[in-house]
Each structure stands twice: as C-alpha cells, then as structure tokens.
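Reading through the structure tokens given below for one structure.
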Amino acid sequence: MKTLTRAFLFLALIVFAGSTQAQSLKIGHIDSNEIMNVMPERTVIENNLKDFEKQLEDELRLMMGEYQTKVADYQNNVSTMSNLIRQSKEKEITDLQTRIQDFQQNADVEFGEKRVELLTPLIDKVKKAIEDVGKENNYTYIIDAATGVLLHVGANADDVTKLVKTKLNLK
C-alpha cells in the first residue's frame, strides 16, 4: 500500500511537471528517521520515556505483589475462614484483579500520550527546518523518503484538487 501511494505520488508529480512548462519544478527528499536519530534532544526524550515507563512498571509490580500476597493468604487460610470472611477476601482479590487490568490499559494509553507530548516539539522543530529549507532553496516539494509523505509544498506549487473534482463532476 505504501509503495502504491509513493508510486501514485511520483506519477502525479511527473504528470504535473510535464504539464507546467513555464514553471520550474524542484523536488527534494529527506530521510526523517536519519534526522530524528541524530538530534541531541532525542536522547533526552528517550531517557524521559524510559524513566516514565519504569515508574509505570514499578507501580504494576507493586500491585502484582499485593495480588500474589492476597491470593497466597487466601489459599493458605480458606479452610479456616467463615463464609463472610471468605466472600470478603474473594471480593478483595477480584477487585484487585480489576484494578490491575485497568491500570495496565490506562498505563498503555498514558505512555502513548506521554510519548506524543515529548516528541511533538521535536517533530515540530524538524518540520519547521524542512519548511525553511524548502522556502530558502525554492523547492516545490520535499518528500520524506522514509515514509513517502509530502512534507513541504512550495509557493510555486499548484493545487489541482478543484480541477480534478470538476473533471469528476464533484463539488
């Protein structure tokens, strides 16, 4: 699918280039992965994410320890418990299982949010640099070779969306 998208984008650019004789088309490409991997901020972000992940794992480990202790205590003493105490202990264990499952799900979501929060300024910095390079060097388009995503559209680029919609009788 990604290859098909890249091929379509490339074909569209070639067709577009051929149909605009008066306009100079200048296309550049970058490898965003290479850029991101050498940015000094990346190490700090990765360390912050590792620390955050460790905090979540430590909390989960504590909850699991509590769960194992309660289960062992229940198993060792179930024969001497009254029905009321047994039911109460079973409910404690079940509630703790639910809390652990909820924590795991919420930790995954929170880790993802933290990752986005930490990486967004870095990504924005790279996007701005790409945009600046595109403007300063008069690139019509800059494409990310790592993803096939169009990262810069210059002022001299034509958006032919309306023309294609008209051709397809779309509004």
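Residues whose amide H falls under 5 Å from that of Ala146, counting only those 5 or more places apart or on a different chain, are Ser32, Asn33, with hydrogens built in the peptide plane. Under a 5 Å amide H cut-off, with hydrogens placed 1.01 Å from N, Lys26 pairs with Thr140, Tyr141 among residues at least 5 apart or on other chains.
When the helices of the chain are scored as -39500 (n - 2.57) per DSSP H run of n ≥ 4 and the total is divided over every residue, the value at 222 nm lands at -25500 deg cm²/dmol. Relative to the longest principal Cα axis of the chain, at what angle does helix 83-136 sit, 0 to 90 degrees, rounded to 10? So the inclination is approximately 20 degrees. Each residue of segment 151-167 is assigned a 3J(HN,Hα), and the resulting list reads 9, 9, 10, x, 5, 8, 8, 9, 8, 9, 4, 4, 4, 5, 4, 4, 4 Hz, derived from the Karplus form 6.51 cos²θ - 1.76 cosθ + 1.60 (θ = phi - 60°), x at Gly and Pro.
Using a basic spin-label model with each label point 7 Å from the Cα along Cα→Cβ, how many nm lie between Leu84 and Val160? Label-label distance for Leu84 and Val160, simple model: 8.2 nm. Compare Asn76, Asn137, Asn37 in a GNM of the chain, Cα atoms joined below 10 Å, and give the one with the largest fluctuation. Result for the chain, Cα springs under 10 Å: Asn76 fluctuates most.
For Rg/Rh (Cα atoms, Kirkwood Rh), computed directly from the structure shown, the correct entry in [x] 1.30; [y] 1.04; [z] 0.95 is [x]. Here the contact order of the chain, divided by its residue count and restricted to Cα pairs under 8 Å and six or more residues apart, works out to 33 percent.
Computed from the coordinates by the stated procedures, all read-outs in this text should not be read as laboratory data. Quantities reported herein were computed from a predicted structural model and do not represent experimental measurements. When we count neighbours, we look across all protein chains shown, and the Cβ atoms used for this are built from the backbone with ideal geometry, even at glycine.
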